[in-house]
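Structure first, commentary second.
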Amino acid sequence: MKNKNVIYLLSLALTGASLLAHGKTGTPLYKDPDQPIEKRIDDLVSRMTIEEKVMQLNQLTLGRNDNANNMADPVNDIPAEIGSLIYFSSNPDLRNRIQKKSMEQSRLGIPVLFGYDVIHGYRTIFPIPLAQACSWNPDLVKRACAVAAQESRMSGVDWTFSPMIDVARDGRWGRIAEGYGEDPYTNAIFGVAAVKGYQGENLAGSKNIAACLKHFAGYGASEGGRDYTYTEISRQTLWDTYLLPYEAGVKAGAATLMSSFNDISGTPATANRYLLTGILKKRWKHDGFVVSDWGAIQQLRAQGVAADRKEAACKAFTAGVEMDMMNQCYDRHLAELVQEGQVPESLLDDAVKRVLRVKFRLGLFDNPYTPASTEKERFLLPESLAIAEQLAEESAVLLKNESGILPLTGLSKIAVIGPMAKSNWHLLGSWRAQGKAEDAVTLFDGLEHEFKNQAQLTYARGCDFDGEDKSGFVEAVSLADEADALLVCLGEKAQWSGENASRSTLSLPRIQEELVMELKKTGKPVILLLSSGRPLELARLEKVSNAMLQVWQPGIAGGKPIAGILSGRINPSGKLAVTFPYATGANPHLLQRAAECASRTREVPGYYQCAVVRVCVRAQLHHVRVRRPPAFGYPGKMRRQAHYRDSGYEYGR
């Protein structure tokens, strides 16, 4: 009798264990939404093969060629087991088709994580992040990021590669537009605001997306203002300057981070175990995952630390990069590295758990599909546009206001001149996501609306953004002769800043400066409206202008609030978050490199020959585009030793 009781109890225990393992309805535990996330993760990983684990750590692209008239269906090209996709389309239908394939055609039904570069808005495009920092209003930036999250999630995007919190002090670097300026604490405060705006209180919310802190770390210290290049950063400087924003973002709950392109004092960030594991995972206890930047793993070959893709995969993965963005190093070599013992399977399991943890927290296992909605329901909502207008208003910085020329009152005729006046596309800036030029209010449109009952507006383009064609000067001067004041709208094209868009000078092209010089000869007051993705060298323009308003790249709603500042309806409140050097040559990084150059020309004949000084000071427009990172670096780092001229003026009321 005792034996029968023992057998009966054992049977009950086994039945209970089976129910626990398979959930209440006989389904696997990892599919049971009532179970704790960590138990669901452990259960799922225990069922996965090495190949299935590896596939979760790869990211491909989708949506670049989804024309319905094309013969090939893009869904056919995507493996059902893929871990993540960069989703270029704004149509959730294609996303749901891919998700259906993964949920139904893969063995375990693991959902795909869809990411995209939502940097300063998805369809409602806000001012660039550098401009946002000039508002000194983190709560407003948080609200803008919440709008971006809502538009993204409803369009099929679960994850943004933002915020960028690289401390950047060299305006020649194109990606300075994407961060919050030169101060570590400022980057930390705005980075936290962005994380909270994107992720909300509950990451699984239908209008929230996962944030990604980038680029970890020190990318903003790129030598010579060039992209993808070497950085010399001591441990002291790393902790004092570059890590503070990331620590704050991790503590705020950022779901993911992105490794950086740059080589840090000889060790590339993408293969830097001290950064990715020692600091991020062990010291800060981050339990999300790290994704490489696009191509950053295979770049380890050019950086001289990996002989081939296989070694690059090994070094990046063991350093702490869990997801491979468009390198195709992990999918080709990681399983082999595990089988050979070069990568412990326990490390593979940990990486997969980190990726799955983010997917579970986003609610993708329980709600894998994006509900259908119209563009009108998703985009350009009135409350979203109101936030965009307020952020453009608070980001504009009044650099100069001589003799109280602003606000413009009591004028009968105002001449609006310059290549930026009627441009809408270039107001959006770089990384404009799904933004459209037709959504943007141009500076001229905003001025027409603002001054329609106050003054007559005339318009002349004057010149193009660059080049040597001065044929438009005559018309511009003619209009200026008849006007009471001149609003001259100058600046940079959208593509002149952003990734791989460094410049050798901070000055505007010569043709724009010459236009202002001609207009100044009329004797009429000159008010400059300056739109750019970086700080500008304004030494020559400052001398011939009565007022200067830096409007940055203000996004789709910038025209109206900027016009309101000029009329006096809005009092400008923006303050610079980055230094405007008096001249490009006064940039501390340039002076540092010039000093090193001068000291080495005596030792190595022809070494640079101080070319960096000649190019940066004299060239009017010289873009530096780097397709692949150089396999060499630069020695030394010197203390900042430049004198700045940082002008800030307010209305003299």
Checklist outcome for this item: Protection proxy (average C-beta count within 10 Å per residue), highest first, orders 156-164, 381-389 as 156-164, 381-389
Checklist entry - Using the Cβ atoms and a cut-off under 14 Å, what net charge is assigned to the surroundings of Pro554, where Lys and Arg are +1 and Asp and Glu are -1? => result -4
Checklist entry - Where the centre of each part is set by its Cα atoms, how far does the range 390-447 sit from the range 264-286, in angstrom? => result 42
Checklist entry - Under a Cβ-Cβ cut-off of 12 Å, what is the net charge of the residues other than Pro268 that fall near it, where Lys and Arg count +1 and Asp and Glu count -1? => result +1
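Report relative contact order for the range 179-295 in percent, whole number only (criteria: Cα-Cα under 8 Å, sequence separation at least 6).
Working: 165 pairs, mean separation 33.0, N = 117.
That works out to 28 percent.
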Checklist entry - For Trp425 and Ser373, FRET efficiency with R0 = 22 Å and r from the beta-carbon atoms, rounded to 0.05? => result 0.25
Item to check | Label zone at Arg510, where the point sits 7 Å out along the Cα-to-Cβ direction: the range 443-466 residues whose backbone N lies under 14 Å | outcome: 466
Next on the checklist: Please give me, ordered by residue number, the GluC sites (Glu not before Pro) of the range 169-231 that lie in loop per DSSP and have at most 15 other Cβ atoms within 10 Å.
Outcome noted: Glu201
Next on the checklist: Around Trp284, under 11 Å between beta carbons, what's the net of Lys plus Arg minus Asp minus Glu among the other residues?
Outcome noted: +3
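Give the accessible surface of the range 121-215 per residue, rounded to a whole number of Å², with probe radius 1.4 Å and ligands, DNA and RNA excluded. Intermediate values should be presented prior to the final figure.
Values: 1950 Å² over 95 residues.
Result: 21 Å² per residue.
How do the peptides 165-177, 523-535, 303-315 rank, highest first, by the average count of neighbouring beta carbon atoms within 10 Å per residue? The partial results should precede the final answer.
Values: 165-177: 27.1, 523-535: 23.6, 303-315: 19.5.
The packing order, highest mean first, is 165-177, 523-535, 303-315.
Taking the alpha carbon gyration tensor of the range 236-291, what are the square roots of 5 times its eigenvalues, largest first, to the nearest whole Å? It would help to have the intermediate numbers written out before the result.
Details: eigenvalues 62, 36, 20 Å².
For the range 236-291, the semi-axes come out at 18, 13, 10 Å.
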Checklist entry - Once the dipole of the range 471-538 is set up with Lys and Arg at +1 and Asp and Glu at -1 on Cβ about the Cα centre, which of Gly472, Leu508, Leu490 lies farthest towards its positive end? => result Leu508
Next on the checklist: Below 8 Å, C-alpha to C-alpha, sequence gap of six or more: please give me the relative contact order for the range 329-487 in percent.
Outcome noted: 22
Next on the checklist: Output wanted: per-residue J couplings in Hz (rounded whole) for the range 168-183, from phi through Karplus 6.51 cos²θ - 1.76 cosθ + 1.60, θ = phi - 60°, x for Gly and Pro.
Outcome noted: 10, 10, 10, x, 5, 5, x, 7, 4, 5, 8, x, 10, x, 9, 9
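Given a Förster distance of 45 angstrom, what is the FRET efficiency for Glu518 paired with His449, based on the Cβ-Cβ distance and rounded to 0.05? Could you put the intermediate results ahead of the total?
On the way: r = 29 Å, r/R0 = 0.64.
FRET efficiency, Glu518 to His449: 0.95.
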Item to check | Nearest-10 value in Å² for the accessible area of His215, using the 1.4 Å probe | outcome: 0
Checklist entry - Each residue of the range 380-397 in turn: what ³J(HN,Hα) in whole Hz from Karplus with 6.51, -1.76, 1.60 and θ = phi - 60°, glycine and Pro shown as x? => result 6, 5, x, 5, 5, 5, 5, 5, 4, 5, 5, 5, 5, 4, 7, 8, 5, 10
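Would you work out what percent of the accessible area of the range 39-182, with all protein chains in place, is carbon or sulfur (probe 1.4 Å)?
Values: 1910 of 4160 Å².
With neighbouring chains kept in place, the figure for the range 39-182 is 46 percent.
Of the peptides 442-450, 463-471, how do they stack up when ordered by the mean number of other Cβ atoms within 10 Å, highest first? Please list the in-between numbers first.
Numbers: 442-450: 20.9, 463-471: 14.2.
My ranking of the peptides, most packed first, is 442-450, 463-471.
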Checklist entry - For the pair Arg332 and Asp42, how long in nm is the line joining their label points, each one 7 Å along Cα→Cβ? => result 3.8
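For the range 259-382, which whole percent of the accessible surface, found with a 1.4 angstrom probe, sits on carbon and sulfur atoms? Before the final figure, lay out the partial values.
On the way: 2230 of 4690 Å².
For the range 259-382, the apolar C and S fraction of the accessible surface comes to 47 percent.
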Item to check | Straight-distance crosslink candidates among lysines, where the alpha carbon sits under 17 Å from Lys315 and sequence neighbours closer than 8 are dropped | outcome: Lys281
Item to check | Area accessible to solvent at Thr374, 1.4 Å probe radius, in Å² | outcome: 70
Item to check | Computed E for Glu482/Lys575 - FRET, C-beta separation, R0 22 angstrom, nearest 0.05 | outcome: 0.05
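Report, to the nearest whole %, how much of the accessible area of the range 426-514 belongs to carbon and sulfur atoms, 1.4 Å probe, protein only.
Details: 1400 of 3330 Å².
Within the range 426-514, the accessible surface is 42 percent carbon and sulfur.
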Checklist entry - How much length is gained if the chain between Ser412 and Gln495 is pulled fully straight, taking 0.36 nm per residue apart and subtracting their Cα-Cα distance, in nm to one decimal? => result 26.2 nm
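The values are calculated or read from the model by the stated rules, or taken from the named source; none is laboratory data. Source: prediction; values computed, not measured. Virtual Cβ from ideal backbone geometry, glycine too; neighbours counted across all protein chains shown. All accessible areas refer to the heavy atoms of the entire protein, side chains included, with ligands and DNA or RNA removed. Shrake-Rupley method; radii C 1.70, N 1.55, O 1.52, S 1.80 Å.
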